[in-house]
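Before anything else, here's the structure in question.
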Amino acid sequence: MYSLNQRFDNRDIPEDELLTSGNVACAGCGASLSMRLALKGLGKPTVLAVPACCWTIIPGAWPMSIMDVPFFHCAFETTAATISGIKAAYRKRGMDDICVVGWAGDGGTFDIGIQALSGTAERNDDIIYVCYDNEAYMNTGIQRSGATPIGSWTTTTPVKKPKSEQKKDIDAIMIAHKIPYLATATAAYPHDMIAKLKKARSIKGTRFIHLLAACPTGWRMPENLSIKVMRLAVLSNIFPLYEVENGETYRQTVLPDEIIPIDEYMHLQGRFRHLTSEDIEDYQKMVDKRFEYLKERFEKGETSAAK
Amino acid sequence: MRKVLTGNVAVAYGAMLSDVQVVAAYPITPQTTIIEELATMQADGLVDMDYIRVESEHSAMAACIGASMGGARAFTATCGQGLFLMHEMLHYATGARTPVVLANVNRAAAAPWTIWSDQTDSVSQRETGWIQLYCEGNQEVLDTTIMAFKIAESLRLPAMVVLDAFFLSHTSEPIDIPDREQVRDFLPPFDPGDLWLDPNNPRTFGGITMNDAYMEFRWQIQRDMEKAKAVITEVHEEFARVFGRKYHQVEAYQAEDADVVIVVSGTVASTSRDAIDLLREKGQQVGMVKLKTLRPFPREEIIETLKGKKKVAIIDRNFSPGATGIWAQEIRNALYELPEGDRPLIYGYIAGLGGRDISVKVIESIYQKTLKDNRPDDVDMWIGVNYV
């Protein structure tokens, strides 16, 4: 169905588990699966800093922790600044081989943490920043964030007045910083995701990974649909999988054989249930327009790669 | 070696001589020349440090906490609004037990805008769990910066070196620069023990606690803050042995036989010394107590020093709206446990806000008022205000 997958084999997925069982995520949590796969891609030695988000809770309350890598819980808006500091310490102590990773939700990235993130990216500090995007403040109980898609229900954008603003284009913002590497990924395409994290690890400078992480609790859907919905996000082009090097060279890494209508993605999720068929039509236009914008860049990227 | 240095350059020398490993900083007047000087020192190869030019003070402290968690000696400097912006992270540094050192150049709070000195910025951080060390002169600034690392690292608590804007930050004085090797013996490299993000010993720090655990973490901070009083005294003594300059958490000057004792902090101390000398020449029984530490508050020493005095005049270059000056609050609080006969009358004065000069004349007038009035006419008395 998609081209990249054919080049991979499940035997390529590292067996190492850098976290144990026993986490306290909700059933079907896209964020917890994302961490498991991301760490497979990153390998050791890796150190994580995580701000206030679902992942504050998921590893377990003190003194328990499921993590097999050092893990620092940092303040909400400070992920990027914190990892800049951690990396500086390792560099000064002759431990530059340690991969320092910030792991933050969409609220901590798109909203409260964007200033520090922009600072770190502008300095091109040698870190990996991963945003697992579940499209709302899920840890505090499903409040609207800058990552919440237009039209979505949340507890602060009720059905009678759903979110009226577009999702912030964090990828474009990060690309504009001309960072050496940016990628989108999702746990529904594990080979693609692991390959991107491996690649990110091999690059120096600020690397940004944007993960779409389904949240059955907040998206109002049964937990067994998480993988399916994340997959439909890719197949409908609302969350295309691609990578961008140096803010210039775009490459789509998963090319769906057939694009599905956005309604197939949306109708499974209660957060969009109130939308009318006209709303969905508008939605389709919006998704198409956004994808056209990217497609132009993918094509340009292919041309420059062919040279 | 002797040099003529401003207070800010003295801070930079202190950090450089302490072999600081990571500096994360953001410019703000009147602190900026500290981080400019450090940038020059780094460029000249005088200090082997990583310099993160962050996009805000909030990130400066976050990066310092990160660096400290990575096992490095971390430093930053700020003032006024910058310190206010850092407030959340000051609490975080304490909770994470990261011994970051920060130099704060006392700057008054906006609005209205001002760049001049008062202590509102640092006293507003009283409850953050930072050790606060106030300085009278530029030599003390340099020496305290070095000592702050030693104190902070032995307690795993962050420490703030506090100096007055312009009166110290931009005023030059001849300074004795300690020998670098002697400083290295006095202050060995930071040893984070097992409290750092060590890939060979993966641990989780700062994770969520339930109500059966949180209070114990806080109690440990309080226990170590109490311990800090003895640690600071030991470090002062060791510093005196090596470098020949002795500092005190509570320093009495001509206070033994004094009927009126003026209590001050920061540069007001050096002005007060002159005022006391002049008043003594005129036969007045007046003395002074200089306070170096706001946190931990040297309660026992204060009680010992002020016990049995008739009148204590406290000059606060800060105030808490709706209450009183902060040093006055602290001292009233400490002295309350004395029996009534030993308990001095407290005269609280607010002066010098926003950089207004606290001259010898102002201090003399405070003394005269304290001497004359049988009781303070208010809980706090504002000096030199044109009431409109």
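Give me the percent relative contact order of segment B:251-382, please, defined on Cα pairs under 8 angstrom at least 6 residues apart. It would help to have the intermediate numbers written out before the result.
Working: 222 pairs, mean separation 35.5, N = 132.
Reported relative contact order: 27 percent.
Can you give the Rg to Rh ratio of chain B, both from alpha-carbon atoms, with Rh computed by the Kirkwood formula?
The Rg/Rh ratio comes out at 0.97.
Right, next: Just from the alpha-carbon atoms, what are the Rg and Dmax of chain A in angstroms?
Rg and Dmax of chain A, Cα atoms, are 18.4, 59 Å.
Another one. Where the only charges are on Cβ atoms (+1 Lys, Arg; -1 Asp, Glu), what is the dipole of the protein assembly as shown about its Cα centre, to the nearest 20 debye?
Numbers: 74 positive and 90 negative charges, 96 e Å.
With Lys and Arg at +1 and Asp and Glu at -1, about 460 debye.
Shifting gears a bit: Could you work out Rg/(2.2 N^0.38 Å) for segment B:238-305, with Rg from alpha carbons only?
Values: Rg = 13.0 Å, N = 68, 2.2 N^0.38 = 10.9 Å.
That works out to 1.19 for segment B:238-305.
For segment A:149-209, which chymotrypsin sites (Phe, Trp or Tyr not before Pro) are in a loop by DSSP, counting at most 15 other Cβ atoms within 10 Å?
Numbers: sites: A:Trp153, A:Tyr181, A:Phe208; in loops: A:Trp153.
For chymotrypsin sites (Phe, Trp or Tyr not before Pro) across segment A:149-209 that sit outside H, G, I, E and B with at most 15 neighbouring Cβ atoms in 10 Å, the list is empty.
Using the alpha-carbon atoms, what tilt in degrees (0 to 90, nearest 10) does helix B:268-281 show relative to the longest principal axis of chain B?
It works out to around 30 degrees.
Okay, next question. Could you tell me which of B:Met160, A:Ile260, B:Gly71 has its Cα farthest along the dipole of the protein assembly as shown towards the positive end, charges placed at Cβ (Lys, Arg +1; Asp, Glu -1), taken about the Cα centre?
A:Ile260
Within 10 Å of each Cβ of B:18-27, how many other protein chain Cβ atoms are there on average? All intermediate terms of the calculation are to be shown ahead of the outcome.
Details: counts 0, 0, 1, 5, 9, 1, 4, 0, 1, 0.
The shielding value for this peptide is 2.
If you don't mind, there's one more thing I want to ask. Rounded, prolate or oblate: which fits segment A:86-215, taking a ≥ b ≥ c as square roots of the Cα gyration tensor eigenvalues, rounded meaning a/c under 1.5, else prolate when a/b beats b/c? Mind dumping the intermediate values first?
Details: a/c = 2.30, a/b = 1.91, b/c = 1.20.
Taking the square roots of the gyration eigenvalues as a ≥ b ≥ c, segment A:86-215 is prolate.
Continuing with this model, one more query. Quick one: if the Förster radius is 22 Å, what FRET efficiency do B:Asn211 and A:Val24 give, using the C-beta to C-beta distance and rounding to 0.05? Show your work: numbers first, answer last.
Details: r = 17 Å, r/R0 = 0.78.
Efficiency, rounded to the nearest 0.05: 0.80.
Using the structure shown, select from B:Lys229/B:Lys372; A:Lys199/A:Lys285; B:Lys309/B:Lys361; B:Lys227/B:Lys307; A:Lys87/A:Lys198 the pairs with a Cα to Cα distance greater than 25 angstrom. The partial results should precede the final answer.
Values: B:Lys229/B:Lys372 36 Å; A:Lys199/A:Lys285 33 Å; B:Lys309/B:Lys361 23 Å; B:Lys227/B:Lys307 23 Å; A:Lys87/A:Lys198 19 Å.
Cα-Cα > 25 Å for B:Lys229/B:Lys372; A:Lys199/A:Lys285; rest within.
B:Ser320 to B:Val4: extension gain in nm, 0.36 nm per residue of separation minus the Cα-Cα distance? Mind dumping the intermediate values first?
Values: separation 316, 0.36 × 316 = 113.76 nm, distance 3.63 nm.
That pair, B:Ser320 and B:Val4, stretches by 110.1 nm at full extension.
I would also like to ask the following. Given Cα pairs under 8 Å that are at least 6 residues apart, what percent is the relative contact order of chain B? Don't jump to the answer; show the numbers that get you there.
Values: 791 pairs, mean separation 62.0, N = 388.
Relative contact order of chain B: 16 percent.
Moving on. Give the relative contact order (percent, whole number) for chain A; include only Cα pairs under 8 Å separated by 6+ residues.
After rounding, I find 18 percent.
Rank the residues A:Ile127, B:Ile314, A:Ile66 as a footprinting-exposure proxy: fewest other Cβ atoms within 10 Å of their Cβ go first. Please report the intermediate quantities before stating the final value.
Working: A:Ile127 25, B:Ile314 28, A:Ile66 21.
Neighbour counts put them in this order, fewest first: A:Ile66, A:Ile127, B:Ile314.
Note down the nm distance, to one decimal, between modelled labels 7 Å out along Cα→Cβ at A:Leu225 and at B:His248.
7.5 nm
Which value, in debye to the nearest 20, gives the size of the charge dipole of segment A:67-150 about its Cα centre, when Lys and Arg are +1 and Asp and Glu are -1 at the Cβ? Present the calculation step by step, with values, prior to reporting the outcome.
Numbers: 6 positive and 11 negative charges, 57 e Å.
Roughly 280 debye for segment A:67-150.
Moving on. Say each of A:Arg251 and B:Glu304 gets a label point 7 Å from the Cα, pointing the same way as Cα to Cβ; how far apart are those two points in nm?
Distance between the two pseudo-spin positions: 7.1 nm.
Now for a different question. With a Förster radius of 45 Å, plug the Cβ-Cβ distance of A:Arg290 and B:Glu36 into 1/(1 + (r/R0)^6) and report the FRET value to the nearest 0.05. Can you show the working numbers first?
Numbers: r = 45 Å, r/R0 = 1.00.
The calculated FRET efficiency here is 0.50.
While we're looking at this one, here's another question. Using only the alpha carbons, work out the radius of gyration and Dmax of segment A:1-126 in angstrom.
In order Rg, Dmax, the Cα atoms of segment A:1-126 give 15.7, 48 Å.
Which value results when the Cα radius of gyration for the protein assembly as shown is divided by 2.2 N^0.38 Å?
1.11
In degrees from 0 to 90, rounded to the nearest 10, what is the angle of the helix B:80-95 Cα long axis to the longest principal axis of chain B?
The two axes meet at around 60 degrees.
Could you give the spread of the C-alpha atoms of segment A:242-304 along their three principal axes, from largest to smallest, in whole angstroms?
Taking max minus min along each principal axis of the Cα atoms, segment A:242-304 gives 43, 20, 18 Å.
Where in segment B:317-332 does the amide nitrogen come within less than 15 Å of the point 7 Å from the Cα of B:Arg218, taken along Cα to Cβ?
Within reach of a label on B:Arg218, which here means backbone N under 15 Å from a point 7 Å along Cα→Cβ, segment B:317-332 contributes nothing.
Right, next: Sort segment B:1-62 into rounded, prolate or oblate with this rule: let a ≥ b ≥ c be the square roots of the eigenvalues of the Cα gyration tensor; rounded if a/c is under 1.5, and if a/c is not under 1.5, prolate when a/b is larger than b/c, oblate otherwise. Walk me through the numbers on the way to the answer.
On the way: a/c = 2.20, a/b = 1.37, b/c = 1.61.
Judged from the Cα gyration tensor, segment B:1-62 comes out oblate (a/c at least 1.5, b/c at or above a/b).
Show me the trypsin sites (Lys or Arg not before Pro) within segment B:266-371 that DSSP assigns to loop and that have at most 12 other Cβ atoms within 10 Å of their Cβ.
Numbers: sites: B:Arg273, B:Arg280, B:Lys282, B:Lys290, B:Lys292, B:Arg299, B:Lys307, B:Lys309, B:Lys310, B:Lys311, B:Arg317, B:Arg332, B:Arg356, B:Lys361, B:Lys369; in loops: B:Lys282, B:Lys292, B:Lys307, B:Lys309, B:Lys310, B:Arg317, B:Arg356.
Those satisfying the criteria are B:Lys282.
Also, I was wondering about something else. Using the Cα centre of segment A:3-306 as the reference point, and only Cβ charges (+1 on K/R, -1 on D/E), how large is the resulting charge dipole? Debye, rounded to the nearest 20.
Working: 35 positive and 37 negative charges, 132 e Å.
In debye, rounded to 20, segment A:3-306 gives about 640.
Rg to Rh for segment B:251-382: what is it, with Cα atoms only and Rh by Kirkwood?
Numbers: Rg = 13.4 Å, Rh = 14.5 Å.
Here the Rg-to-Rh quotient is 0.92.
How do the peptides A:244-251, A:214-221 rank, highest first, by the average count of neighbouring beta carbon atoms within 10 Å per residue? Write out the running numbers ahead of the final one.
Details: A:244-251: 17.0, A:214-221: 23.1.
Those peptides, ordered most packed to least, come out A:214-221, A:244-251.
Each value in this text was obtained by applying a stated rule to the coordinates, not by laboratory testing. It should be emphasised that the depicted structure is a prediction, and the values quoted were computed from it without experimental measurement. Glycine gets a Cβ as well: all are built from the backbone with ideal geometry, and neighbour counts include every protein chain shown.
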